[in-house]
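What follows is a single structure, written as structure tokens, with notes after it.
Quick note: the coordinates plus some simple rules give every number you see, no bench work behind them. These figures come from a predicted structure and were not determined experimentally. All Cβ positions, glycine included, derive from the backbone under ideal geometry; neighbour counts span all protein chains shown.
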Amino acid sequence: MIPCDFYPVLPANFDATVLFDTLPALLAHSEVTALRLPATHTLDKPQFSRLLALLHDNDVALMLDVPDGVSTLSADLLKVADGLHAPSADSLPPLRKLAGDNIQIGCLCQSRDEAMLAGERGADYIAFAVEHTDMIRWWTSVMELPAVAENVQTVEEAATATAASADFLAIPLKLDGTDETLISSLLARLQG
């Protein structure tokens with residue numbers, strides 16, 4: 001068992017055919033517990049239904065990226081999402097008002113003060129850029145809300161983030177044939 005969960009992040013623009021060729025192998029890893037979908041995705045309804053079924057079959061939560069707040073969030077997406085990923089603590093109040101209390105909302109924070117503010121505003125997790133391991137370590141040592149290490153792209157970054165006690169590793173996917181290799185390498189390093 002590894003000390004954290006994997007939280008892959010889909011690229012802003014992706015090809016649905018490549019997505020469905022790639023995703024099943026990634027979701028088969030029990031360490032993958034959430035997947036972030038860009039709000040700007042171009043999946044049609046049948047493709048989106050297929051994605052939801054694939055996620056549900058693997059007990060993986062669907063998180064929606066909300067890059068510029070409420071304006072990009074459709075009611076249909078909100079009904080099926082398990083959570084939202086906001087760009088800052090300032091985004092939390094309007095998102096919480098729109099989404100209600102039954103959905104997870106996390107956000108990226110650039111400082112300790114912003115992370116504390118996000119916690120006060122009802123965030124369910126706090127994300128820090130992976131290079132800010134000092135903030136991840138501080139957060140996990142004093143707060144109960146989970147910490148996400150954002151933008152983990154290498155085995156070394158994953159090892160550093162887990163050493164800082166990150167609860168989740170947000171891993172940007174490339175959908176270029178290298179994602180499974182990266183996930184397998186991360187698992188091998190973190191399990192060893």
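Some points to look at:
- Two-site label geometry, Q47 and E120: point separation in nm, points 7 Å out along Cα→Cβ: 4.3
- Coarse-grained scattering of the chain at q = 0.10, 0.12 Å⁻¹, given as base-10 log I(q)/I(0) from a Debye sum over alpha-carbon atoms: -0.38, -0.55
- Label separation (E31 vs L145): 2.6 nm, computed from points 7 Å beyond Cα along the C-beta direction.
- Scanning the chain for GluC sites (Glu not before Pro) that sit in a DSSP loop and have at most 15 other Cβ atoms within 10 Å, the longest stretch containing none of them is 1-130.
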